[in-house]
Amino acid sequence: MKTTLRALAAFAALAFASPALAQGGPPGGGMGQMSPEQRLARQKEMLFRGITLSADQSAKADTLIMQGMRKQMEAMQAARSGGGDMASMREQMQKMNTERNDALKALLTSDADKAKFDENLKNMPQGRRGGRRAAEG
C-alpha cells in the first residue's frame, strides 16, 4: 500500500513539476516547492484542521486524496494530449474535487466534525490566484 502511494505521489510530483518549472514556479515558493508527501500532508491538514481522525480515518483520507490527485493528473494529461477544451477540463476537475471532498466528509462521524470540514473547505486557497473564497459565497 505504501509503495503504491509513493508511486502515485512520484507521478503527481512529476506532473506538477513540469508546468511549474516551465512557468518559473509560483511566486514566493508556495506549494510548488513541496514534495508530493508534503503536499498531501498540507492538503489533509487544511481539510481536517480542528478535527481529530482515527488511524483508520486518516489512512482512508490519504488514499482518497491520492486517488483524487491521480484522477486529476490523468484528466490533465488526456486534455493536453487531445487539445481538450479548458472549460470542459475545469468542469471535470471541479466534479472530481467535489466527489473526493464528499467522500472525505463521509469519513467523519459527528455533525460538528462535518461542519468544521465544510468550514475548512470554504477557507482553502482556490485556483491559481491562491486566494480564499469569500465567506458571503
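Every number in this text was worked out from the coordinates using simple rules, so none of it is lab data. Everything quoted here is computed from the prediction, not taken from an experiment. We place every Cβ from the backbone using ideal geometry, glycine too, and count neighbours over all the protein chains shown.
Okay, residues lined up against (1) acidic (Asp, Glu); (2) buried (at least 16 other Cβ atoms within 10 Å of the Cβ); (3) farther than 21 Å from Glu45 by Cβ:
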{"site": "Arg80", "(1), (2), (3)": "no, no, yes"}
{"site": "Met89", "(1), (2), (3)": "no, yes, yes"}
{"site": "Thr98", "(1), (2), (3)": "no, no, no"}
{"site": "Asn120", "(1), (2), (3)": "no, yes, no"}
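Can you tell me how many residues within the range 89-115 are β-branched (Val, Ile, Thr) and touching a residue at least 40 places away in the same chain (Cβ under 8 Å)? Spell out how you get there, then give the answer.
We begin by selecting, within the range 89-115, every residue β-branched (Val, Ile, Thr); these are 98, 109.
Filter once more, so that each one left must be touching a residue at least 40 places away in the same chain (Cβ under 8 Å): none.
Number satisfying all stated conditions: 0.
I'm checking my understanding of the structure. Among residues of the range 54-78 that are farther than 17 Å from Met124 by Cβ and of a type in the set (A, V, I, L, M), which one is surrounded by the most Cβ atoms within 10 Å (Cβ to Cβ)?
Restricting to residues being farther than 17 Å from Met124 by Cβ and of a type in the set (A, V, I, L, M), the top hit is Met66.
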